[in-house]
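All remarks here apply to the structure that follows.
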Amino acid sequence: MREPRFSMEEAIRFGWDSVKANKAYFIWMILLAWLVPLVPQLLSSYFDKKQLFAFLFFYLLAVVLSSLIAAGLTKIYLGFCDFIKLKYATLFQHWRLAWKLFVAGLLCGLVVVFGLLLLIVPGIIFAIRLQFFGYLIVDKDLGIIAALNKSFAITRGSTFNLLLFGAVYCGILMLGILCLFVGLLIAIPTVGIASAHVYRQLMKREEGAVPSGVS
């Protein structure tokens, strides 16, 4: 059986080259993605329990905006994999997908926590195998359960390679943090596009295997 594989080096290089060629674009995009949900977050912390309704309103608004922007960022990262540079407005255009990302994220989190309770290792495996649900929701418009199942399917046989990729992913983000957090403005889109590239490679392998009867 030929299992799906991907090139980690190719994905990281593609992410870096894409960000390096569009530094200003990504710096402003990440700042926007940070600042928009930050405002209601700060307001919710200000009200805290003084005014419960105001606290809940701004807290939920921050959650909704974070999910909306996550959908937009995913769309932008996938766009770069298709050599398409989308506008900043893309961050705020996918309301229909935002709720699916939020619910799927909750379900994925519950599965991972359950796995961690089962001797830790299953939780790590679930986290690795289910990580592409967001790309599948945004890219293929799959339902919540279908996206989680598909992510589990396309990562079959690639768990260890994805674990190594995750270690490199975290290493790049740590470098961004060490650069007084300013480096995150470059590190975040670099690993975001790299992840989208890995997703594209896994999908191509999975779709290319179907005609030959490989599952």
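List of remarks:
- For the residues Ile193, Ile120, Ile188, Ile124, the requirement of being closer than 23 Å to Glu9 by Cα and at pLDDT below 95 singles out Ile124.
- Of the set (1) surrounded by 18 or more Cβ atoms within 10 Å (Cβ to Cβ); (2) in contact (Cβ under 8 Å) with a residue 12 or more places away in the chain; (3) within 30 Å of Asn22 (Cβ to Cβ), all apply to Leu148 but (3).
- Here the stretch 27-70 is the region considered, the condition is being under 21 Å from Phe181 (Cβ atoms) and among the β-branched types (Val, Ile, Thr), and the residue that is surrounded by the fewest Cβ atoms within 10 Å (Cβ to Cβ) is Val39.
- Residue among Ala24, Ala11 that is exposed (fewer than 14 other Cβ atoms within 10 Å of the Cβ) and either within 21 Å of Val168 (Cβ to Cβ) or over 20 Å from the mean Cα position of the chain (by Cα) (or both): Ala24
- Across the stretch 112-161, the qualifying residues are those that are among the hydroxyl-bearing types (Ser, Thr, Tyr) and closer than 18 Å to Thr74 by Cα, and the one among them that is farthest from the chain's Cα centre (by Cα) is Ser151.
- Candidates Ala98, Ala71, Ala54, Ala62 - the one that is part of a helix (DSSP H, G or I) and modelled with pLDDT of 95 or more: Ala71
- Among the candidates Leu107, Leu86, Leu116, Leu78, residue that is assigned to a loop (DSSP other than H, G, I, E, B) and surrounded by 14 or more Cβ atoms within 10 Å (Cβ to Cβ): Leu86
- Residue match in the stretch 2-24 (condition: among the charged types (D, E, K, R) and over 19 Å from Ser195 (Cα atoms)): yes
The values are calculated or read from the model by the stated rules, or taken from the named source; none is laboratory data. Model, not experiment: these values are computed from the prediction. Ideal geometry is used to build each Cβ from the backbone, glycine not excepted, and the neighbour counts take in all protein chains shown.
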